[in-house]
Amino acid sequence: MAGIVVKPRARILHGHDWVFSSEVLKVFGTPADGDVISLKDGKDHLIGSAIYNSKSQIVARRFSRRKQELDLDFFKRRIAQAAEYRVRRDVDLKLCRVVWSEGDGLPGVIIDRYGDYFVLQTLTLAMDIRKDLMAKNIIERDDVPIRRAEGLELLSGVLEGATPSGPITIEINVSRIAAATAPLQLEVDLFHGQKTGFYLDQRQNYEMVAQYAKGRRMLDCFTNQGGFALACASAGAAEVTGVEENSANIAAARRNAARNHLKVEWIEQDVFRFLRAAEKAHSQYDLIVLDPPSFTKTRGGSRLQIAVARWNSRDVFLLAPR
């Protein structure tokens with residue numbers, strides 16, 4: 001098996017599973033992009049098997065500490081282990097992230113489940129060319145820009161199985177909050193929604209934030225399709241305002257509010273423009289959620305820090321960029 005020898009100070013020798021191009025001492029054999037390769041240290045000791053892509057700054061991603069092929073049995077075993085772990089953690093397997101990339105030993109693979117549908121993202125070349133081994137009633141959402149770093153095109157569609165006729169409805173349980181009487185019903189567009197259709201990793205955050213909402217005036221910035229706003233409205237917030245500049249998201253938020261019989265003021269506007277106007281108007285809110293999109297990874301992030309500073313006398317929940 002072809003492979004690479006890593007430099008003495010490479011982080012993979014200290015527990016990390018990535019090898020960056022600057023950490024390669026030499027390449028042996030003739031590995032092709034997408035191949036499984038051997039990883040070795042300077043003393044010719046095997047330190048694992050990895051997927052290889054010379055086009056990426058992360059040239060190798062280790063998925064096993066021994067010699068291992070990426071065959072059907074391997075995928076069955078790793079996905080079963082991921083599901084078993086979630087069962088032990090009392091996760092709802094009908095609505096969850098079934099596989100989370102390196103966290104489940106499948107670098108670059110994300111599988112989210114929405115009832116009868118599974119949505120797949122393959123963010124690494126090696127996994128992308130083997131996605132047929134994982135496909136069954138799966139919708140492909142390989143339309144995220146990070147794939148370009150692996151030399152992959154952006155794709156979206158049904159890999160195998162039935163095609164949903166339109167957006168589906170999921171239920172988010174916030175009923176443990178005293179004022180909430182029923183689960184939230186939210187619309188999910190598996191083909192066009194953010195990430196794989198919905199921010200599954202925000203489910204617990206909805207309930208956490210909503211615990212502070214009863215009787216308070218709540219502002220949800222970057223509301224997307226209204227998750228935090230609706231959770232707080234369900235928990236008995238006195239007033240709820242959701243701000244989002246994307247018209248399609250605002251339309252979905254309105255449908256979600258109607259579906260749950262909840263009253264929310266939806267404002268279709270750039271969040272920073274709204275905050276500047278609210279500051280001039282001396283608007284007051286008791287609870288503010290800032291759940292920004294990924295543009296805050298760039299220089300635009302300073303704009304959000306300024307916005308947070310202006311409201312630092314309130315309860316502000318600042319979540320990681322999407």
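The values are calculated or read from the model by the stated rules, or taken from the named source; none is laboratory data. Because the structure is a prediction, the values reported are computed rather than measured. Glycine also receives a Cβ, built like all others from the backbone with ideal geometry; neighbour counts cover every protein chain displayed. For the accessible areas, the whole protein counts, side chains as well, though only heavy atoms, and no ligand, DNA or RNA atoms are used. Shrake-Rupley method; radii C 1.70, N 1.55, O 1.52, S 1.80 Å.
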Within region 178-280, strands (runs of 3 or more DSSP E) holding 1 or more residues that are at pLDDT below 90 and within 21 Å of the chain's Cα centre (by Cα): 184-188
LYS67 under 28 Å from the mean Cα position of the chain (by Cα) and surrounded by fewer than 19 Cβ atoms within 10 Å (Cβ to Cβ): no
Residues of region 73-108 satisfying the condition of being of a type in the set (Asp, Glu) and open to solvent by less than 30 Å² (accessible area, probe 1.4 Å): ASP104
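Here is a check on your reading of the model: is PHE222 in contact (Cβ under 8 Å) with a residue 40 or more places away in the chain, touching a helix residue (DSSP H, G or I) at 6+ places or on another chain (Cβ under 9 Å) and at positive phi?
yes
Counting only residues that are within 15 Å of LEU70 (Cβ to Cβ) and touching a Leu at 6+ places or on another chain (Cβ under 9 Å), how many does region 87-105 have?
The number of residues fulfilling the criteria is 2.
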Residue in region 109-126 that is over 23 Å from THR169 (Cβ atoms), open to solvent by 10 Å² or more (accessible area, probe 1.4 Å) and modelled with pLDDT of 85 or more present: yes
Enumeration of residues in region 87-108 that are modelled with pLDDT of 90 or more, at negative phi and in a helix (DSSP H, G or I): ARG88, GLU102, GLY103, ASP104
Residues located in region 281-313, provided they are modelled with pLDDT of 90 or more, under 30 Å from GLU171 (Cβ atoms) and of a type in the set (A, V, I, L, M): LEU287, ILE288, VAL289
Filtered residues of region 3-13 (kept if part of a loop (DSSP other than H, G, I, E, B) and open to solvent by less than 70 Å² (accessible area, probe 1.4 Å)): ALA10
Filter result for ILE139 (open to solvent by less than 20 Å² (accessible area, probe 1.4 Å), at pLDDT 60 or above, part of a strand (DSSP E or B) and out of contact with any helix residue (DSSP H, G or I) (no Cβ under 6 Å at 6 or more places or on another chain)): no
Selection status of ARG147, under 17 Å from the mean Cα position of the chain (by Cα), at pLDDT 85 or above, open to solvent by less than 80 Å² (accessible area, probe 1.4 Å) and within 30 Å of ARG66 (Cβ to Cβ): no
Restricting region 208-257 to residues that are among the aromatic types (Phe, Trp, Tyr) and buried (at least 20 other Cβ atoms within 10 Å of the Cβ), the residue that is farthest from ILE170 (Cα to Cα): PHE222
